[in-house]
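Participant: Got a structure for you, written out below as structure tokens; questions coming shortly.
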Amino acid sequence: MTDRPGATSRRLRVVAPIVGIVVFLAVWEAFVQLRDVRPFVLTAPSDILGYLGKAPGDFFAASLITTRHALVGFVAALIVALLLGSVLVASPFAERATQPVLVLIQVAPFVAYISSIVLWLGAGDPPAYFTTGLVCLPAFVFAAVSGMRSADPASRELFASVDASRWEVMWRLRLPSSMPSLFTTARYSIGLALIVSYLVEGSNFSDEGLGAIGKRAAASNVGDALWATVFCMVILGTLGLGLITLLERWLLHWHASQRTV
Amino acid sequence: MSVAVELRGVSKSFGDLPVVQRLDLDIEAGAFVSLVGPSGCGKSTLLRMIAGLEDPTAGTVTIGGASPAELRRTKRLAVVPQQPGLLPWRTVAENARLLLEVNRRHQPADHPDPLELLDEVGLIDFLGAYPHELSGGMRQRVALVRGFALGAPLVLMDEPFAALDEITRSEMRDLLARLLERHPATVVFVTHSISEAAFLSDRVLVFSPRPAGVAADVTVALPRPRPPELEDTTAFVEVCAELRHRLHGAMYGATS
Ligand SMILES: Nc1ncnc2c1ncn2[C@@H]1O[C@H](COP(=O)(O)OP(=O)(O)OP(=O)(O)O)[C@@H](O)[C@H]1O
Ligand SMILES: [Mg+2]
């Protein structure tokens, strides 16, 4: 009785994504081969893998750097959002006051101001961390506030009935209540963090990370190299999502979203 | 160990809507008092004022000589809500001791062990289960245990069994009666069930429609302890009949 649902969910979790990837790559390969597309427009998966195989170390090192940029920015955004969110739930005034700024950050095209941030913070890692964190922040703040607000009113009364402190209500009730919405946002933000890091790496004068390779390749019309960085990004994004899914299973096992059917 | 509750000239309005008007009420220490009355008459509001979760517009609530705020601060007041309000990320055992874990500065001196209480209500095999793995009745039992774990001298319950089916409901009622024999407290209990009120109470207060006032104060002179079979006795049926009659009177303004 216990192993059948387990087997089903393993098939769902492992086999289904692999099937999806293989089919996608096959269609891609066939499209490029049959239509004879130019490499810079779209490179066939087989050629990308061939190119990656020539200098795996370089791409691996660059991927690690991009991962570091994305992860630091992502985690910083999450931490700031939790701190800010816990202040904003307590004060509707502060929430209203912050909202326009957050929307501004969210809709301002970061590509347009990356060079300003690089000029401000200098070359290298700092602008990558900062921009990534900044762009990821608004969605996390919105998720934190609405999640903390969603704490069950019956439970809130219960905490009030024993005079629980603000801190206890936050830590034992509001924070766990905000986890489902934070995870939903994290799934979306992990990809965003990678993209922002990639783009900053293309303009932070440090020649490090996948973004730097991509930028160079684009400047000299080297389709293989450009698409190889895209390929690495896809892998990083997939790993990031996988990691979040694992964390979710562990931290959110009690939530309805974690039950199949 | 239980406390008396004293209401003096308590009124409450929400905006222009008077919900409770100049209510004087004495609840003796150790009594089980039920509040019945038409829907929307202000029973929950009254209970929340006794708990200090809502401030009266006028008048005072005193519990064993102290204010509701003081009782909440020292964790000498237990609330059992209509919805169990269990935290879904906590197991049964963790939910049962939730109230002991917050506001630790005021740990009640000799509170019952939550695990023993869980055993008493038949949940000892479910300590590690999560709320979503429990039936509605089991969840409400955890909520009862969570309240009783404080060993509070005053327990306030707002229709705690309203969401349950008839059979589970009477089981819970018997369970509550047994828990109270072992862990006595003053209880204020809101219910819509006449037979529940008759079975559990020493005294039933029948409220008139909003603004709430006491239309009838019925003493239930049935002997204790009260076993489930009590329900089949003529004495019990008579109490129920009287309560029904009083409630009808309160609602439609016939006899008083
Ligand atoms: N926070 C509030 N704001 C405004 N009006 C309220 C509020 N709480 C209760 N009321 C009003 O007060 C009246 C009494 O509500 P209350 O919940 O105390 O009734 P009740 O006797 O518990 O009803 P029921 O038996 O249906 O639970 C209702 O008319 C309700 O609309
Ligand atoms: Mg009510």
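Computed from the coordinates by the stated procedures, all read-outs in this text should not be read as laboratory data. The structure presented is a predicted model; accordingly, all values stated were derived computationally and were not measured. Reconstructed Cβ throughout: ideal geometry from the backbone, glycine too, with neighbour counts over all protein chains shown.
Participant: Can you list residues whose amide H is under 5 Å from B:VAL79's amide H, if they're 5+ apart or on another chain and H is modeled 1.01 Å from N?
Facilitator: Excluding prolines and chain starts, which carry no amide H, the hits are B:LEU156.
Participant: Inside 10 Å of the C-beta atoms of A:252-258, what's the mean count of C-beta atoms belonging to other chains? Intermediate values should be presented prior to the final figure.
Facilitator: On the way: counts 2, 3, 9, 3, 2, 0, 1.
Per residue, the number of nearby Cβ atoms from other chains is 3 on average.
Participant: Place the peptides A:241-249, B:94-102 in order of packing, highest mean first, counting for every residue the other Cβ atoms within 10 Å and averaging per peptide.
Facilitator: Details: A:241-249: 13.7, B:94-102: 20.9.
Those peptides, ordered most packed to least, come out B:94-102, A:241-249.
Participant: So if I take the centroid of the Cα atoms in the stretch B:50-90 and the same for the stretch A:202-236, what is the distance between those two points in Å?
Facilitator: So the two Cα centres are separated by 62 Å.
Participant: Between A:PHE183, A:PHE24, A:PHE140, find the one with the highest GNM mean-square fluctuation for chain A; connect C-alpha pairs within less than 10 Å.
Facilitator: In the Gaussian network model the winner is A:PHE24.
Participant: Further question on the same structure: Thinking of the stretch A:99-160 as a set of Cα atoms, what percent of all their pairs are more than 18 Å apart?
Facilitator: For the stretch A:99-160, the fraction of Cα-Cα distances above 18 Å is 51 percent.
Participant: Which semi-axis lengths, in whole Å and largest first, follow from the square roots of five times the eigenvalues of the Cα gyration tensor of the stretch A:40-163?
Facilitator: Working from the Cα gyration tensor, I get semi-axes of 40, 19, 14 Å.
Participant: Then there is this: GNM, chain B, Cα, under 10 Å: largest mean-square fluctuation among B:GLY59, B:GLY128, B:GLY151?
Facilitator: The residue with the greatest mean-square fluctuation here is B:GLY128.
Participant: Here is a further query. Taking the convex hull of the Cα atoms, report for the stretch A:1-103 its projected area averaged over all directions, in nm².
Facilitator: 13.2 nm²
Participant: Based on the mean of other beta carbon atoms within 10 Å per residue, what is the order of A:35-45, A:9-19, most packed first?
Facilitator: Put in order of decreasing packing, that is A:35-45, A:9-19.
Participant: Oh, and also: Using the Cα atoms as the points, what is the convex hull volume per residue of the stretch A:74-252 in Å³?
Facilitator: 115 Å³
Participant: Other chains' Cβ within 10 Å of B:76-87 residues: what's the mean?
Facilitator: On the way: counts 1, 3, 3, 6, 2, 6, 1, 5, 3, 8, 4, 9.
Taking all residues of B:76-87 together, the mean is 4.
Participant: Can you tell me the order of A:207-216, A:189-198 when each peptide is scored by its average per-residue count of other Cβ atoms within 10 angstrom, highest first?
Facilitator: Details: A:207-216: 22.7, A:189-198: 24.3.
Going by the mean number of other Cβ atoms within 10 Å, highest first, we get A:189-198, A:207-216.
Participant: Using only the alpha carbons of the stretch B:120-182, determine the length spanned along each of the three principal axes and report them from longest to shortest in whole angstroms.
Facilitator: The principal-axis extents, from largest down, are 31, 26, 18 Å.
Participant: In nm, to one decimal, how far is the A:VAL19 label point from the A:GLN99 one, both placed 7 Å along Cα→Cβ?
Facilitator: Between A:VAL19 and A:GLN99, the simple spin-label model gives 4.5 nm.
Participant: May I ask for the Kirkwood hydrodynamic radius of the protein assembly as shown, worked out over all distinct Cα pairs and given in angstroms to one decimal?
Facilitator: 27.5 Å
Participant: Let me ask another. Given the DSSP H assignment, sum -39500 (n - 2.57) over each helix run of at least 4 residues in chain A and divide by its residue total; what's the result at 222 nm in deg cm²/dmol, nearest 500? Working shown, then result.
Facilitator: Numbers: 12 runs with 205 residues, N = 261.
One gets -26500 deg cm²/dmol as the mean residue ellipticity at 222 nm.
Participant: Same structure, new question: Over all directions, the average projected area of the alpha-carbon convex hull for chain B comes to how many nm²?
Facilitator: Computed as one quarter of the Cα hull surface, the answer is 13.7 nm².
Participant: Given the options B:PHE32, B:LEU243, B:GLY85, identify the residue whose Cα lies farthest towards the positive end of the charge dipole of chain B (+1 on Cβ of Lys, Arg; -1 on Cβ of Asp, Glu).
Facilitator: B:GLY85
Participant: Additional query: Looking at chain B as a GNM with Cα springs under 10 Å, which of B:ALA78, B:ALA129, B:ALA197 has the largest mean-square fluctuation?
Facilitator: Greatest mean-square fluctuation among the candidates belongs to B:ALA129.
Participant: On average, how many beta carbons from a partner chain sit within 10 Å of the beta carbon of a residue in A:150-156?
Facilitator: Mean shielding by partner chains, rounded to a whole number: 4.
Participant: Right, something else. How far apart, in nanometres, would the label points at A:ALA26 and A:ARG249 be if each is projected 7 angstrom from Cα along the Cα-to-Cβ direction?
Facilitator: About 2.6 nm separates the two model spin labels.
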